[in-house]
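Just so you know, all these numbers are worked out from the coordinates, no wet-lab data involved. Quantities reported herein were computed from a predicted structural model and do not represent experimental measurements. A quick note on method: Cβ atoms are made from the backbone with ideal geometry, for glycine too, and the neighbour counts reach across all protein chains shown.
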Amino acid sequence: MKKLIFVLISSVCLGQTDQYKQILLSKKLGKEVRSYSKGYGLIIDPEADKTSIVDSLGVITFDSPEKNEISHLFKNRFILKIKDGERKDKIALIDGKGKELIPLDNQKLDVSWSINERIIATKEGKESVFDYNGKQVIPYSEKIKFAGQNRFFVKNEDGWYIYDADGKKVSDKKFEKNLYFYKNRVYISTGPKQGEIVDNNGQVLNTISHSEVDNIGSYPFLITKSKGNKYGIIDAEENPITEEIYDESFLGTKYIYLIKKDKLSIFSKETKQLYPTEFSYVKSLFNNMFTTQKTLKSPKVAVININGEIVIPKEYDSIEGIKISGENFVYLTKGGEQRFLDKDLKDVLEPGFQIERILPNTLIVSKEGVFYTYSVKDKIYEELKNIVSLKENGVFYYTETIYPAIVAQNSNGLFGILDEKGKEIIPFQYDDIFTFVSENEIVVKKGDKFGVTNYENEPLKEVIYDKYSVDKQGIKLNSGQTTDYLFFTDLVGEKSPQ
């Protein structure tokens, strides 16, 4: 293992994940490297109460003599805070070599709602916007607030004004308060049943003169609300679409759902029509089809079309709409029975096949004890040779946020991991494997010892530990008197393009 680690370090760290680079650098330097990303990480020295910056080759690129606190912002950008001496509490934006891009000052640098690599700096009661190179984009003003995609609200003496991320004032329209543009629009009430819908360029899109607007999230269709707390729909020109007679309203991507006395009606944004149903609530599938929802009195579910007609009988325990390889499917269960239907509600699989896993581009199926991958695009079954079982790990349907990998056992009784095409990504050499939903870390077991790897098969912790435990943040490993801790990483982030 030591020889392997040396070889990997000597070629730091081509083709490896940031997670593994961090671990290899920690072993190489004999110090824990944290927050490694895109070529830089941090080394925290608790005795000296300071933090240093290290690059991908293990070179310390910035090491301040002062007590400090450094946070990794983005690639080779960091926030530095001095903790003692004449410069105590001064904060700066620095690069990977410690060059001050926004000079040390008694200021606050707010990146919590950063857009387009912008920072709001607060100093002496004034606020300004800088980019990640330290260039001032918006001069110091009374107040500055993030206002949605690519927009800021800037307050001067007479009111609030809209600026873009390049510091350009996009409109002379004055606002009484700062707002947030949802989908580049906001509603401003100007009085009882009066208001304006304004875009993020300050342009008034519509004027409301006799309606109490409650929600513009489905623009150009608006939800209104009466004094009696009843909901209705109008269009952006204030033409009535439904009366204000509904107890509840919910917004969907293509539909608006209205409920009155436990009966749901569906408003289609495409057809601009309202369709009543006999059900209390539904969930959109595709092609103007919906699943009904379970209730205590009615535990079975069905599929209806937008006209309220039942197209799949109300006899199933669960019905889910699923997208695989860009195509729409319906997965149904009833007791131990499964069905998998295409967009035309026709069965996809040949008789006798059981679905074991649903993956982003394929299905894992079985028949008479033999496992197969099934391509819904090519309609081809391919046998997973030498696989005798799949391990239950709490994930049946994999999504974009859950990496599509399957823990399997071979005929020799050893465990490994396959990807959705059946390719081996973790070798079949372990006595057991333990995965954690949405996390990149995998606990492996050989004999009575445990270790940790990841989905790139990078050895994060050697298989030398007597036991392990898991909390919300990571994995704790124990060996005799030694305790190590490995923080969970964002699997989606690790798999994203670097």
Scan segment 334-363 for residues that are assigned to a strand (DSSP E or B) and of a type in the set (Asp, Glu) and jot them down. 337, 347, 356
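In segment 271-287, which residues are among the hydrophobic types (A, V, I, L, M, F, W, C) and either assigned to a loop (DSSP other than H, G, I, E, B) or touching a residue at least 60 places away in the same chain (Cβ under 8 Å) (or both)? Can you show your working first?
So in segment 271-287, the residues among the hydrophobic types (A, V, I, L, M, F, W, C) come out as 274, 279, 282, 285-286.
Correct list: 279, 285, 286.
From the list 332, 384, 359, 349, pick out the single residue that is touching a Lys or Arg at 6+ places or on another chain (Cβ under 6 Å) and buried (at least 19 other Cβ atoms within 10 Å of the Cβ). So that I can check it myself, show each step before the final result.
Numbers: 384 fails: touching a Lys or Arg at 6+ places or on another chain (Cβ under 6 Å); 359 fails: touching a Lys or Arg at 6+ places or on another chain (Cβ under 6 Å); 349 fails: touching a Lys or Arg at 6+ places or on another chain (Cβ under 6 Å).
The unique qualifying residue is 332.
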Scan (1) outside any strand (DSSP E or B); (2) buried (at least 20 other Cβ atoms within 10 Å of the Cβ) for the single condition residue 371 breaks and write down its number. (1)
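Considering only segment 260-277, how many residues are out of contact with any Ser or Thr (no Cβ under 9 Å at 6 or more places or on another chain) and exposed (fewer than 13 other Cβ atoms within 10 Å of the Cβ)? Give the steps one after another, and end with the answer.
So in segment 260-277, the residues out of contact with any Ser or Thr (no Cβ under 9 Å at 6 or more places or on another chain) come out as 260-261, 268, 270-273.
So of that shortlist, the ones also exposed (fewer than 13 other Cβ atoms within 10 Å of the Cβ) come out as 261, 270-273.
Result for segment 260-277: 5.
Filter segment 449-473 down to the residues that are loosely packed, with under 14 Cβ neighbours inside 10 Å and touching a strand residue (DSSP E or B) at 6+ places or on another chain (Cβ under 9 Å), then identify the one that is nearest to residue 33 (Cα to Cα). Explain how you work it out, then say what you get.
Taking segment 449-473 as the starting set, the residues that turn out to be loosely packed, with under 14 Cβ neighbours inside 10 Å are 466-467, 469, 471-473.
From what is left, the residues that are touching a strand residue (DSSP E or B) at 6+ places or on another chain (Cβ under 9 Å) are 466-467, 469, 473.
Details: 466: 25, 467: 24, 469: 22, 473: 17 Å.
Looking at residues that are loosely packed, with under 14 Cβ neighbours inside 10 Å and touching a strand residue (DSSP E or B) at 6+ places or on another chain (Cβ under 9 Å), I get 473.
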In segment 43-81, what residues are surrounded by fewer than 20 Cβ atoms within 10 Å (Cβ to Cβ), of a type in the set (D, E, K, R) and closer than 21 Å to residue 109 by Cα? 66, 67, 69, 75, 81
Can we say residue 322 is within 28 Å of the chain's Cα centre (by Cα), within 25 Å of residue 430 (Cβ to Cβ), outside any loop (DSSP other than H, G, I, E, B) and touching a residue at least 24 places away in the same chain (Cβ under 8 Å)? no
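Looking at segment 20-43, is at least one residue hydroxyl-bearing (Ser, Thr, Tyr) and farther than 15 Å from residue 489 by Cβ? Steps first, please.
Taking segment 20-43 as the starting set, the residues that turn out to be hydroxyl-bearing (Ser, Thr, Tyr) are 20, 26, 35-37, 40.
Checking which are farther than 15 Å from residue 489 by Cβ leaves us with 40.
The answer is yes; a qualifying residue exists.
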Of all the residues that make up segment 102-130, how many are under 14 Å from residue 73 (Cα atoms) and either in contact with a helix residue (DSSP H, G or I) (Cβ under 7 Å, 6 or more places away or on another chain) or basic (Lys, Arg) (or both)? 1
